[in-house]
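Okay, so here's the structure we're looking at.
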Amino acid sequence: MSIAATAWLAAQTTSGAIRQEQGQVLADDARIYDKLLDLAATRPSWRGADRTVRDLAAETGRRIALTTQDRKVIADSAGRAPKSGARLPARASAVVDPLAVDSTLAAASSRTARSGSGGSGGSGAGDYAREGGLGTGTGSDAVDRIDPRAVGPFRLTASERKELRQIADKSVGCLRERGVDAKVAVGPNGRPYVTSPDDSEVTVTEYGCDPGLVSGYTPTERKALDKINTLAEACLRRKGGDKPVKLGLSISRDGTPRLYQSLVTPTPMPARDEGAGGATPQEPPAPTTTPEEAVAGGAAEDPAAEDRAALDAAAKKEAAEREAAARGGAAKVPEGDPRLLDEGARRAEAVRRQEQAEAAQALAANCVDSARREQLGPYVSSPALLFITSPDGSRPSESGFRLSGANTTRLVGLAAAVLAVTVAATALAATRLTRPLRALTMATQRMKTGEATEPVPARSAGEISQLAAAFNDMAAHRKALEEQRKAMVSDVAHELRTPLSNIRGWLEAAEDGVVATDPELVTSLLEEALLLQHIVNDLQDLAAADAGTLRLHREPVCAVDLAEQVVAAHQARADAAGVRLTAAAEGDPWLTADPLRLRQAIGNLVSNAIRHTPQGGSVTVLCRPVDGSSVVIEVTDTGTGISAEDLPHVFDRFWRADKSRTRATGGSGLGLAIVRNLTQAHGGTVQATSTLGKGTSFTVTLPVT
């Protein structure tokens, strides 16, 4: 088990270390790529790249080199003349081209920027993409691969940035006056926009604060837009496009202009109005199409939509005619009918128009891509090969992998610690497991020899603890049974000794001639013999009930009749004691029971109540049904009552409140025990409630069937 645990933890630690270092390598590669891509997108040449490459190499501990497409070194952290052993690998790690971004490295850079591990020195490409860089909605993947920081001629002049910043500050001030936390951020082309501290959307117009900075074109943007439209139209003419394409600018939520295809030319930002104290951007008209709906050369109108609708109607009509013909109605349209030929031709024409529209859209997207690249080309650096290797240049970034010294030490230390902890835990667990087992074994041996058994401590959890608790319960139960057995033997001997002593004494006196053997002596001896027989019969009934051999002869019984019979049998005794004995009933309770055994149980309760009720008191036997499912028989007296500490023991065998056990205060102590056993044999229950000095009530609840 310890070996398996060590192997599992070692595997997990190794995997975690590998993932950690691989993740760090990927994050470093993405950060290097993004930093160099930022440099290429914002400068027309690679001048100044040496310092950036050296700084990145110092931060990451890697060798970084930039070369032209023909492998002429632009910048190399190893120096212009590296050693022969530090030659660059045959395959480049990436191509740094702001007009063709590597989507994998860009995505990794975006994740690094979001997690805060992108280092210093500017935002990553992911940040610029989130801010909404200059792009198009033509659906071209190539256009989407243009780095958003490559804004070229769309970069605002200093005066335009200053003017728009003043408008943005006014909007932020207005929002803060209305309790909205806002700030000013700047997009890639220098245009400011309003956002919240957590970069979430802030809808300025909802608070009555006019966001003038996001609603119009500056002269710089207008000029650049005219240029790209000219380039795109020229491309379409060269490639035979029959529909012109117009590009407009829409101002996004973050204040950044984005290209879209439109037939409408938006209104440019007007020139400065000296009398008004500054320029006020104007809201351009909404585009006639969204970027996703736009098609080459016009709005999102389907030229074949009308034809398809007509064909659908014709098809429905034909289906209706055929169905009517099948029912004996209109005649079928025969094959070769001119209507079918017209429908086929119109369908083919609709397909042709759709294909032409898709081809025109693809051509427009291609020309927009070419125009964007042609326009941005003079403003960005030329593509360069990026090499990221180990410091000596012997291992490329993407090949091979080995654990660092720190991770190796960590793995070895963890394995040793796991082994030590496993051995200690195993020894401790074995000790904790065997200790209660040894205690159980010793307790079992003591129990076998009859010695007193102390409870076994159950300190552990689980099955051992449950076993110890079960053994303690068994030992306690056995001890209680043993004590009960001894008490019962003593009680039986005491109960039998008294009548036997009386019989023996009277017989010895008669034998010695002390007393005469007259009828009174015989009657006294008979009473003692009957008492012995009563005790023996009670013990026999209890033994049969305990063994489950007590036989019941069930039959329908009226509880009221049974109560009246018991009252009649004990009436003479009650009259002699001066106790009023009555039977009462509520309703007509019937049940299925053994009448003989039930009379015996109720008779024991009545006899016990009469014995403990003083002269002038009363004993009542009440029968009543309960919910039609059970019958309750209550024996209530106004006697001396039972104390609260004695009440739980009234159904114990040979138990009597009077510890002297004289005949004047009670019987053998078996009557209530017999009542409980007989009631349980019938599937019922018996309960006792009492108030000392006021009386006692015994309640027998029996099921109807």
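Please specify each residue of segment 40-53 satisfying the condition of being within 49 Å of the chain's Cα centre (by Cα) and surrounded by fewer than 24 Cβ atoms within 10 Å (Cβ to Cβ). Spell out how you get there, then give the answer.
First, pick out the residues of segment 40-53 that are within 49 Å of the chain's Cα centre (by Cα): 40-42, 52-53.
Within segment 40-53, Thr42, Thr52 meet the criteria.
Can you confirm whether Ser381 is closer than 30 Å to Ala41 by Cα and either modelled with pLDDT of 75 or more or surrounded by 16 or more Cβ atoms within 10 Å (Cβ to Cβ) (or both)? Break it down into steps so the answer makes sense when it comes.
On the way: closer than 30 Å to Ala41 by Cα: yes; either modelled with pLDDT of 75 or more or surrounded by 16 or more Cβ atoms within 10 Å (Cβ to Cβ) (or both): yes.
Spelling it out, Ser381 is indeed closer than 30 Å to Ala41 by Cα and either modelled with pLDDT of 75 or more or surrounded by 16 or more Cβ atoms within 10 Å (Cβ to Cβ) (or both).
Among the residues of segment 650-673, write down those that are modelled with pLDDT of 85 or more and either in contact with a Ser or Thr (Cβ under 9 Å, 6 or more places away or on another chain) or open to solvent by 50 Å² or more (accessible area, probe 1.4 Å) (or both).
Correct list: Val650 only.
Let's see how each residue does on (1) without any contact (Cβ under 8 Å) to a residue 60 or more places away in the chain; (2) open to solvent by 40 Å² or more (accessible area, probe 1.4 Å):
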{"residue": "Thr582", "(1), (2)": "yes, yes"}
{"residue": "Ala585", "(1), (2)": "yes, yes"}
{"residue": "Pro589", "(1), (2)": "yes, no"}
{"residue": "Leu596", "(1), (2)": "yes, yes"}
{"residue": "Arg599", "(1), (2)": "yes, yes"}
{"residue": "Asn608", "(1), (2)": "no, no"}
{"residue": "His612", "(1), (2)": "no, yes"}
{"residue": "Gly616", "(1), (2)": "yes, yes"}
{"residue": "Arg624", "(1), (2)": "yes, yes"}
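List the pairs whose first member sits in segment 355-366 and is within 11 Å of Lys239 (Cα to Cα), whose second member is modelled with pLDDT of 80 or more, and whose Cβ atoms are under 8 Å apart, counting only residues at least 6 apart or on separate chains?
As it stands, the answer is Leu363/Leu236; Leu363/Lys239; Ala364/Ala232; Ala364/Leu236; Asn366/Cys235; Asn366/Lys239, since those pairs meet every condition given.
Restricting to segment 674-705, name every residue that is of a type in the set (A, V, I, L, M), open to solvent by 10 Å² or more (accessible area, probe 1.4 Å) and either within 24 Å of Ser643 (Cβ to Cβ) or part of a loop (DSSP other than H, G, I, E, B) (or both).
Passing the criteria: Val686, Ala688, Leu692, Val704.
Where the second residue is open to solvent by 50 Å² or more (accessible area, probe 1.4 Å) and at pLDDT below 75 and the first is of a type in the set (Val, Ile, Thr) and lies in segment 425-439, which pairs have Cβ atoms under 8 Å and are six or more apart or on separate chains?
Thr426/Met1
Mind checking which residues of segment 536-573 are among the polar types (S, T, N, Q) and open to solvent by less than 60 Å² (accessible area, probe 1.4 Å)? First the steps, then the outcome.
Residues of segment 536-573 that are among the polar types (S, T, N, Q), as a first pass: 537, 540, 549, 565, 571.
Within segment 536-573, just Gln571 meets the criteria.
Could you tell me which residue of segment 58-74 is modelled with the lowest pLDDT, considering only residues that are surrounded by fewer than 20 Cβ atoms within 10 Å (Cβ to Cβ) and small (Gly, Ala, Ser)?
So, considering only residues that are surrounded by fewer than 20 Cβ atoms within 10 Å (Cβ to Cβ) and small (Gly, Ala, Ser), the one modelled with the lowest pLDDT is Gly61.
The values are calculated or read from the model by the stated rules, or taken from the named source; none is laboratory data. These figures come from a predicted structure and were not determined experimentally. Don't worry about glycine lacking a Cβ; one is built from the backbone with ideal geometry, like all the others, and counts go over all protein chains shown. Protein only, heavy atoms only, side chains kept; ligands, DNA and RNA dropped before computing areas. Shrake-Rupley method; radii C 1.70, N 1.55, O 1.52, S 1.80 Å.
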